Amino acid sequence: MSLEENKAIVRSLFEAFNKRNLTLLDELIALDYVDHPRQLRGLESYKQYLTMLYKSFPDTHETIENIIAEGDKVCIHLKGTATHTGEYRGLAPTGKKTTWESVVIWRIIEGKIVEMLAVVSDELDFLKQLGVIEYKGFPDENIS
C-alpha cells in the first residue's frame, strides 16, 4: 500500500469513530489487532472498548490536526472533545466537558490496521478536567 493509501485508512478510521460506525471497523482493522497502550487484543475487544467510551462520552469527537506516514506506519496529532455524561471506569457522570490532544502511531499491513503502537496524551489533565484530581501546579510557576 502507498503512504497516501495508509493515510486514507487512518482518516476512514476517524470518520468511523466520529460517526460511531463500528461495522466499518471490520474493513479497517485486522481481526488480530493489538492496541498496546490499552492492552487490548483483537478487533472485538477494541469494539467493546469503543462502546464503553461512547456510553461514557456520547459526544466524543476527534479531529486529525497532522498526519505523517512512513513505511507501514501512520502517525497523527489529534484534538478531541467530549462531555462526561455516563459512568466511566467506575466514575459517576460529572457532566464536565473535556478536551485533549494526542499523538498516535498505527501500523498498517495489507490495507488493515494491525497495531496501535503508542499514544502520547496528558491523562493527568484529563482527570483534572473531570474533577477526579486537583492539581494546582508548582508552588512557584516561575521555575526555569
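At-a-glance table
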quantity: Any hit, region 121-140, residues being surrounded by 15 or more Cβ atoms within 10 Å (Cβ to Cβ), at pLDDT 95 or above, not in a loop (DSSP other than H, G, I, E, B) and not aliphatic (A, V, I, L, M); calculated: no
quantity: Out of 63, 85, 51, sole residue that is of a type in the set (Val, Ile, Thr), more than 18 Å from residue 122 (Cβ to Cβ), surrounded by fewer than 14 Cβ atoms within 10 Å (Cβ to Cβ) and out of contact with any Ser or Thr (no Cβ under 7 Å at 6 or more places or on another chain); calculated: 51
quantity: Looking only at region 27-48, and only at residues there that are farther than 20 Å from residue 101 by Cβ and surrounded by fewer than 14 Cβ atoms within 10 Å (Cβ to Cβ), the one that is modelled with the lowest pLDDT; calculated: 39
quantity: Matching residues in region 1-37 - criterion: being free of Cβ contacts under 8 Å to residues at least 12 places away in the same chain and assigned to a loop (DSSP other than H, G, I, E, B); calculated: 2, 21
quantity: Options 108, 133; residue that is of a type in the set (Val, Ile, Thr) and within 21 Å of residue 33 (Cα to Cα); calculated: 108
quantity: From the options 18, 6, residue that is surrounded by 13 or more Cβ atoms within 10 Å (Cβ to Cβ), under 12 Å from the mean Cα position of the chain (by Cα) and not hydrophobic (A, V, I, L, M, F, W, C); calculated: 18
quantity: Unique residue being β-branched (Val, Ile, Thr), loosely packed, with under 14 Cβ neighbours inside 10 Å and more than 12 Å from the chain's Cα centre (by Cα) when the list is 94, 23; calculated: 23
quantity: Whichever residue in region 82-124 is touching a residue at least 24 places away in the same chain (Cβ under 8 Å) and of a type in the set (Asp, Glu) and, among such residues, is nearest to residue 29 (Cα to Cα); calculated: 115
quantity: Leading residue by the ranking (nearest to residue 109 (Cα to Cα)) among those in region 49-87 that are of a type in the set (Ser, Thr, Tyr) and in a strand (DSSP E or B); calculated: 63
quantity: Subset of region 1-15 [small (Gly, Ala, Ser) and farther than 19 Å from residue 119 by Cα]; calculated: 2, 8
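The values are calculated or read from the model by the stated rules, or taken from the named source; none is laboratory data. The structure presented is a predicted model; accordingly, all values stated were derived computationally and were not measured. Ideal geometry is used to build each Cβ from the backbone, glycine not excepted, and the neighbour counts take in all protein chains shown.
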